[in-house]
């Protein structure tokens, strides 16, 4: 028995910053950012939070699916930037939605988070533990960004995307996922809760250093992505005996236009099969895949019966790919 996505939703903060706004903060330009990343603008929270965006995206996904919140028995939120530690973001979403029958937990896998959330929910659904799952990727990366670091502040944005999943007819596909913790230093963020006042090593009022904001070795991440993502896609196709020509589109984590172009080239697939929206939102980590999927659904670009590859990659380092049939 396979699983299907029966509804999608997303939420994007209305406040946006284009590249010219970024150029007021660091030495850069619209042309420089576009050429190297493909990003034109990004949206950032003001009154919103990671939880509030997740709840809005989740509510829209349920509405599209025609499913009541009380029917959901699993809520999984993927995030690295929750505004709450206890209770978890998923429990807060449950409260906001009134999904009183749902078991809730969070997942932290950065930019691969939604993919791993999708795989986790699929395993629960296929085993019969749960019947209806709401999987959400939600990020407030503006809170974790060093706005004086030109190498990272040009990249990231905020937003949330969600998918409702249930058992359905059709084919079961095996996912492919990998992690390499030995290479994790390429993309790091130190916890702001790494010490207690008992240690006496840091004054609680002291300003946080750069290690408490996202730090990235851009070249290392780029090389990792353009090598690992095509390999994962090839692996998942081979594992499921699916040919590339059967795939309608590849929904990749939206990190950088150059990465997407390089993956398409290595797979020898037309760039038209790799939709992108990073020019509008930047890198929204866990939220990027479900936001793009929801946009494609809303635009009528995902047709019934289409085979889709989801591929995520990022901090960990972790990466992987999954195949789904659009019902």
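General observations
- Residue in region 285-296 that is touching a strand residue (DSSP E or B) at 6+ places or on another chain (Cβ under 7 Å), farther than 19 Å from residue 117 by Cβ and not assigned by TED's automatic domain parsing to the domain that holds residue 7 present: no
- Region 1-39, residues that are more than 20 Å from the chain's Cα centre (by Cα), farther than 29 Å from residue 134 by Cβ and in a loop (DSSP other than H, G, I, E, B): 23, 24, 25, 26, 27, 28, 29
- In the condition set (1) closer than 28 Å to residue 62 by Cα; (2) at pLDDT 95 or above; (3) touching a strand residue (DSSP E or B) at 6+ places or on another chain (Cβ under 9 Å), residue 315 is compliant with all but (1).
- Matching entry among 125, 141, 115, 134 (being closer than 22 Å to residue 36 by Cα, at pLDDT 95 or above, touching a strand residue (DSSP E or B) at 6+ places or on another chain (Cβ under 9 Å) and surrounded by 22 or more Cβ atoms within 10 Å (Cβ to Cβ)): 141
- Condition check for residue 74: in contact with a helix residue (DSSP H, G or I) (Cβ under 7 Å, 6 or more places away or on another chain), at negative phi, surrounded by fewer than 24 Cβ atoms within 10 Å (Cβ to Cβ) and not assigned by TED's automatic domain parsing to the domain that holds residue 191: yes
- Any chance residue 152 is part of a loop (DSSP other than H, G, I, E, B) and buried (at least 20 other Cβ atoms within 10 Å of the Cβ): no
- Enumeration of residues in region 146-186 that are out of contact with any helix residue (DSSP H, G or I) (no Cβ under 8 Å at 6 or more places or on another chain) and at negative phi: 148, 150, 152, 168, 169, 171, 179, 180, 181, 182, 184, 185
The values are calculated or read from the model by the stated rules, or taken from the named source; none is laboratory data. Model, not experiment: these values are computed from the prediction. Backbone-built Cβ (ideal geometry, glycine too); neighbour counts: all protein chains shown.
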